[in-house]
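The values are calculated or read from the model by the stated rules, or taken from the named source; none is laboratory data. No experiment lies behind these values; they were computed from the predicted model shown. Positions of Cβ are backbone-derived with ideal geometry, glycine not excepted, and every protein chain shown enters the neighbour counts.
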Amino acid sequence: MAVRWGNDIIVIDAGLMFPESELLGVDIVVPDITYLLANREKVRGIILTHGHEDHIGGLPWVLSELKVPVFGTEFTLALVENKLEEHSLLDDVDLREIRAGARFTLGPFTINPIQVTHSLVDCVALAIHTPLGVIIHTGDFKVDPTPTDNHLFDLHPFAEYGKDSDVLALLQDSTNADRRGYTPSERAVRSKFDEIFVSTKRKLFVSCFSSSIHRIKMVIETARDHKRKVALIGRSISESTDIAMDLGYLDVPEGTLIHAGQIKEYKPDQVCILISGTQGEPMSALSRAAVDNHKHAKIERGDTVVLSSRIIPGNEKGIYRMIDHLFRREANVLYDDGSQPPIHVSGHACQEELKLIINLVRPRYFIPIHGEYRQLRIHADLARSMPGAVGQVLMMESGDVMEFDELGARKIEKVPVGRICIDSGSRGDVVEDLVIKDRRHLSEDGFVLAIIAINKLTGTVESIPEIVMRGFAAGSEEGFVHEARRIIGKTLDESTPEEKADYGVIKEKIRADLKRFIVKTTARRPLIMPVILEI
Ligand SMILES: [Zn+2]
Ligand SMILES: [Zn+2]
């Protein structure tokens, strides 16, 4: 999201998205920043609300195109540093630490970060003072009265802004707008874990999101209380635990942590293993342990495996496949099945919390952000049901531009938006939509390769075209090859010398003719690739 006043732009968050399965083989999806690049001299900086991937994951990509300072809290910047280091970008980037309550100014904007609670630590909402009034962007939040780090949600600034009644717009997290009531506190999972620790007689494996510092802290504390040592397995969980310990968010008593290699030195009821891989990612530590392919994480009959996380829609297949393997190992598997007390709680506000913030802030305009369309819509309706607290409710989607002035607010011309698909996480591996289309063709209908040898000097075809097929069945293969050759011959015969000299044109003609023939005779759409060999 970008906020612009005249010749100054500030950007809030720069996340990534994990691809849906139809984007074959693409690792991550980052936003299209054409608008920012077109206005690059106006961009004053990127301000981060917190360190989740959907808020910072796009930074390596964005920063390699756009050199601007990045503002974030201490913990958020520690995660960003790790990420930039991986991409060898750390030395080029200007990182500036911000603190809740410490205002700073960028061009015409004065920004006041406000402490909020979420599933991660050191998260802020942003109150952005503009010449037209204050815009409050909540970032991701829930109103947790008992966060495990005791950094409380700071409700007072929200109330003060509301009292002064100069809040131009409230932009609020919509993730749980379709859920009634309140999101339980992070501490609600503690009683479930006590129950699990008491009843587990053998090794206890716990998997949670590696960024869930609250959860990691709770597991380590509970393990200590139940006289178990803790081993960390998996790169992401070790990294974020290190950062949290460095910055004082995790206070682990000496002698609590052991190395993965030491697990076998302890009795099964003396260890608790924090392991990454809640989403069944095939290469994660837990997935490998589930198929007995991890050096240190041996899951044996009677061990307990706890998935303290949400099943992210789209990942069900991988997760349940992993759980099946865990059952084959005769482990007790506990996952979020809706039972109480919960094994996992959300980091996002439910309806009553959303209403609370709206009531405190009383904005002139309300804009739901951060959610799927249905969640934005439900959130908008929720705000509309509070006419005393909200002036007008506005809906925006990616690419929409809302213009505010003394007269009101209106949508103006859209800016280009879209997704940039990246293979294997490097900016050099941007995948065009075409490539994805090709991969889909390949996976569904295979490919047909037509190799044509052309004499460079005379422009004549030297031999019978070679036809190679994979993953494509054409009834009688011999008949198909014969017919395909005939069609290529005909296409070449009917082409002018100029066409034949332009390989781009001739390849496209051959492809089109072959495609027509293949679709007609087989009703399938393989990837068709003519190759011209110059001899
Ligand atoms: Zn978040
Ligand atoms: Zn988020």
Scanning segment 103-129 residue by residue, those within 16 Å of ligand 1 (Cβ to nearest atom) and either part of a strand (DSSP E or B) or aliphatic (A, V, I, L, M) (or both) turn out to be P113, I114, Q115, V116, T117, L120, V121, C123, V124, A125, L126
Which numbered condition E483 fails, given (1) out of contact with any strand residue (DSSP E or B) (no Cβ under 9 Å at 6 or more places or on another chain); (2) in a helix (DSSP H, G or I); (3) farther than 16 Å from A523 by Cβ:
(3)
When every residue in segment 135-144 that is assigned to a strand (DSSP E or B) and buried (at least 24 other Cβ atoms within 10 Å of the Cβ) is compared, the one nearest to ligand 1 (Cβ to nearest atom) is K142
Which residue out of V393, V401, V345 is more than 26 Å from K192 (Cβ to Cβ), surrounded by 15 or more Cβ atoms within 10 Å (Cβ to Cβ) and touching a Lys or Arg at 6+ places or on another chain (Cβ under 9 Å)?
V393
Can you find a residue that is in contact (Cβ under 8 Å) with a residue 40 or more places away in the chain, surrounded by fewer than 20 Cβ atoms within 10 Å (Cβ to Cβ), within 25 Å of E195 (Cα to Cα) and not hydroxyl-bearing (S, T, Y) anywhere in segment 228-250?
yes
When segment 145-195 is checked residue by residue, the ones that are farther than 19 Å from G338 by Cβ and either within 16 Å of ligand 2 (Cβ to nearest atom) or of a type in the set (S, T, Y) (or both) are T146, T148, Y161, S165, L171, Q172, D173, S174, A177
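Per-residue answers, yes or no, for (1) under 30 Å from A409 (Cβ atoms); (2) in a loop (DSSP other than H, G, I, E, B); (3) modelled with pLDDT of 95 or more; (4) acidic (D, E):
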position	(1), (2), (3), (4)
E330	no, yes, yes, yes
D337	no, yes, no, yes
Q340	no, yes, no, no
H348	yes, yes, yes, no
I358	yes, no, yes, no
Which of the residues that make up segment 79-102 are touching a residue at least 60 places away in the same chain (Cβ under 8 Å) and within 16 Å of ligand 1 (Cβ to nearest atom)?
L79
Provide a single number: the residues in segment 364-416 that are part of a helix (DSSP H, G or I), touching a residue at least 40 places away in the same chain (Cβ under 8 Å) and more than 27 Å from D54 (Cα to Cα).
0
Any strands (runs of 3 or more DSSP E) falling wholly within segment 1-69 and containing at least 3 residues that are at pLDDT 90 or above
2-5, 8-12, 43-47
